[in-house]
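A.B. asks: There's a structure below that I have some questions on.
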Amino acid sequence: MPVSKKKPLAQASDASTVDPSTPELPSQQEFHQYLRTLAQSAVRTVIETVMREELDAFIGVAWGESSPKRKGYRNGSYTRDLVTSTGRLEDIQVPRDREGQFHTQVFDRYSRYEPHIAEGLIQMFVAGTSTHKVGEVAQTLMGVAPSASTISRLNQTLTQQFEAWRERPLLEHWRILYLDGVHLSIRHGDQADSTIILTALGVDLEGHKEVLALRVCAEEDKDGWACLLQDLRRRGATNVDLIVTDGHDGLLAAVSELFASTPRQRCLVHKQRNVLNAIPRRERAEVAAELVGIWEQPTKEEAVAQLAAFKAKYSKRYPEAVRSLAEDEEHLLTFYEFPQSMHRHIQTTNAIESLFSNVRQRTDQIDVFTTEMSCLTIVWATIQDIRLHKISV
């Protein structure tokens with residue numbers, strides 16, 4: 001998604017003119033084009049796999065097997081191109097036999113049923129490469145139902161891009177690490193449950209944002225967050241200048257255990273929401289203005305003074321609100337330890353919430369994801385489309 005190029009946080013104070021919580025995002029048409037690009041890869045994978053299955057059936061034995069029923073021998077492959085509605089595929093590997101008797105039916109069948117196949121392949125990415133859908137597409141190409149092993153191989157191959165992304169090495173040093181859990185609906189059996197995607201979003205030393213990890217969890221607890229953070233460390237991200245979080249106990253426990261020496265900023269939007277929940281509606285606007293006034297002070301000393309005045313003013317009138325404000329108080333004003341140009345970027349986890357707001361806009365036709373993998377696949381595809389255009393803060 002094209003945006004005007006901004007100077008990075010580490011290089012200039014002009015970064016304060018950019019709002020990472022409201023990035024310009026690609027249109028629905030651009031996102032569908034990205035899915036079509038993924039579908040091209042799927043078309044190639046399915047066609048080449050199905051042709052190998054055809055040759056296995058023609059010869060009578062699978063690769064590496066020995067049988068008296070053998071009717072011939074494999075003889076490598078040749079390449080050909082295929083023009084599809086999603087674009088031209090070059091150098092498709094077509095297998096052949098030694099005697100030249102084998103002739104694939106895949107290309108004729110593909111041409112005849114291309115709209116159905118293309119739609120099915122895109123659905124494989126959006127719906128999590130379901131076995132049923134893979135079977136439908138492969139059967140259309142081969143004319144017979146594929147074997148269970150074939151479907152398994154296709155499923156495995158079509159998720160390789162996503163799995164490779166999940167396992168990719170990470171930079172060692174990150175300027176900011178945002179952590180937050182996002183709720184999406186996923187079907188488990190006959191029930192649709194609200195499921196949490198634990199998300200880690202990093203900002204590198206040049207100011208570029210990148211989603212580092214996604215993890216599906218039934219509950220947002222310490223174990224789930226610890227697994228995600230351990231995964232980040234395993235892949236190389238061991239040095240973080242600042243971590244920005246909400247106040248979830250499980251998240252805070254995991255961060256304290258695995259990034260104990262890293263400064264942490266408590267999300268001020270979440271904190272303000274928690275405090276105002278203990279204030280009557282008629283007074284929330286006034287109290288909210290006073291809260292925001294605390295972290296809008298030019299120096300940490302002045303902010304500390306404002307914080308003390310707020311607690312003194314409301315301690316007897318609204319003790320629960322003051323108690324909520326005092327929770328995790330030592331991490332409310334961490335942002336003052338960083339350059340002023342960074343302050344509004346690191347006071348909240350809005351970068352993650354805004355990103356997922358736009359993910360939901362682009363997947364609003366999917367009320368409930370069919371599987372956890374389908375949910376991760378479409379979220380990953382959307383995020384990759386955004387990342388292709390290099391968002392900077």
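The values are calculated or read from the model by the stated rules, or taken from the named source; none is laboratory data. Not measured: the values here are computed from a predicted model. Cβ atoms come from the backbone with ideal geometry, glycine included; neighbour counts cover every protein chain shown. Protein only, heavy atoms only, side chains kept; ligands, DNA and RNA dropped before computing areas. Shrake-Rupley method; radii C 1.70, N 1.55, O 1.52, S 1.80 Å.
A.B. asks: Test ALA305 against the criterion of being in a loop (DSSP other than H, G, I, E, B), of a type in the set (Gly, Ala, Ser) and surrounded by 13 or more Cβ atoms within 10 Å (Cβ to Cβ), and give yes or no.
C.D. replies: It is false that ALA305 is in a loop (DSSP other than H, G, I, E, B), of a type in the set (Gly, Ala, Ser) and surrounded by 13 or more Cβ atoms within 10 Å (Cβ to Cβ).
A.B. asks: On to the next question. Residues that are at pLDDT 95 or above, aromatic (Phe, Trp, Tyr) and either out of contact with any Lys or Arg (no Cβ under 9 Å at 6 or more places or on another chain) or over 25 Å from GLU163 (Cβ atoms) (or both): does the range 225-233 have at least one?
C.D. replies: Scanning the range 225-233, I find no residue that is at pLDDT 95 or above, aromatic (Phe, Trp, Tyr) and either out of contact with any Lys or Arg (no Cβ under 9 Å at 6 or more places or on another chain) or over 25 Å from GLU163 (Cβ atoms) (or both), so the answer is no.
A.B. asks: If we keep just the residues of the range 212-223 that are buried (at least 16 other Cβ atoms within 10 Å of the Cβ) and among the charged types (D, E, K, R), which is farthest from GLU330 (Cα to Cα)?
C.D. replies: Here the answer is ARG215.
A.B. asks: Additional query: Can we say VAL244 is out of contact with any Gly (no Cβ under 7 Å at 6 or more places or on another chain) and at pLDDT 95 or above?
C.D. replies: Against the criterion (out of contact with any Gly (no Cβ under 7 Å at 6 or more places or on another chain) and at pLDDT 95 or above), VAL244 qualifies.
A.B. asks: Restricting attention to the range 94-113, report how many residues are open to solvent by 30 Å² or more (accessible area, probe 1.4 Å) and part of a helix (DSSP H, G or I).
C.D. replies: The qualifying residues number 5.
A.B. asks: Restricting attention to the range 268-292, which residues are among the β-branched types (Val, Ile, Thr) and either over 14 Å from VAL322 (Cβ atoms) or within 33 Å of the chain's Cα centre (by Cα) (or both)?
C.D. replies: Answer for the range 268-292, where residues must be among the β-branched types (Val, Ile, Thr) and either over 14 Å from VAL322 (Cβ atoms) or within 33 Å of the chain's Cα centre (by Cα) (or both): VAL269, VAL275, VAL292.
Rundown of residues vs (1) more than 16 Å from THR348 (Cα to Cα); (2) basic (Lys, Arg); (3) open to solvent by less than 10 Å² (accessible area, probe 1.4 Å), yes/no style:
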| site | (1), (2), (3) |
| --- | --- |
| ILE186 | yes, no, yes |
| ASP204 | yes, no, no |
| GLU210 | yes, no, no |
| TRP225 | yes, no, yes |
| LEU229 | yes, no, yes |
| GLY236 | yes, no, no |
| ASN239 | yes, no, no |
| ILE243 | no, no, yes |
| ALA253 | yes, no, no |
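A.B. asks: Answer yes or no as to whether ILE196 is at pLDDT below 95, of a type in the set (Val, Ile, Thr) and out of contact with any helix residue (DSSP H, G or I) (no Cβ under 7 Å at 6 or more places or on another chain).
C.D. replies: yes
A.B. asks: Mind listing just one residue for me: the one in the range 265-295 that is outside any helix (DSSP H, G or I) and touching a helix residue (DSSP H, G or I) at 6+ places or on another chain (Cβ under 6 Å) and, of those, nearest to ASP328 (Cα to Cα)?
C.D. replies: Across the range 265-295, the extreme among qualifying residues is ARG266.
A.B. asks: Go through the range 333-343 and give me each residue that's part of a loop (DSSP other than H, G, I, E, B) and farther than 13 Å from GLU296 by Cβ.
C.D. replies: PHE338, PRO339
A.B. asks: Another question, then. I need every pair where a residue in the range 199-212 that is at positive phi has its Cβ under 8 Å from the Cβ of a residue that is open to solvent by 10 Å² or more (accessible area, probe 1.4 Å), sequence separation at least 6 or different chains.
C.D. replies: GLY207/LYS6; GLY207/LYS7; GLY207/PRO8; GLY207/LEU9; GLY207/ALA10; GLY207/GLN11; GLY207/ARG175; GLY207/SER392
A.B. asks: Further question: Can you name every residue in the range 213-255 that is closer than 22 Å to ARG266 by Cβ, without any contact (Cβ under 8 Å) to a residue 40 or more places away in the chain and small (Gly, Ala, Ser)?
C.D. replies: GLY224, ALA226, GLY250, ALA253, ALA254
A.B. asks: On to the next question. If I filter the range 70-79 down to residues being touching a helix residue (DSSP H, G or I) at 6+ places or on another chain (Cβ under 8 Å) and exposed (fewer than 12 other Cβ atoms within 10 Å of the Cβ), which single residue comes out as modelled with the lowest pLDDT?
C.D. replies: ARG70
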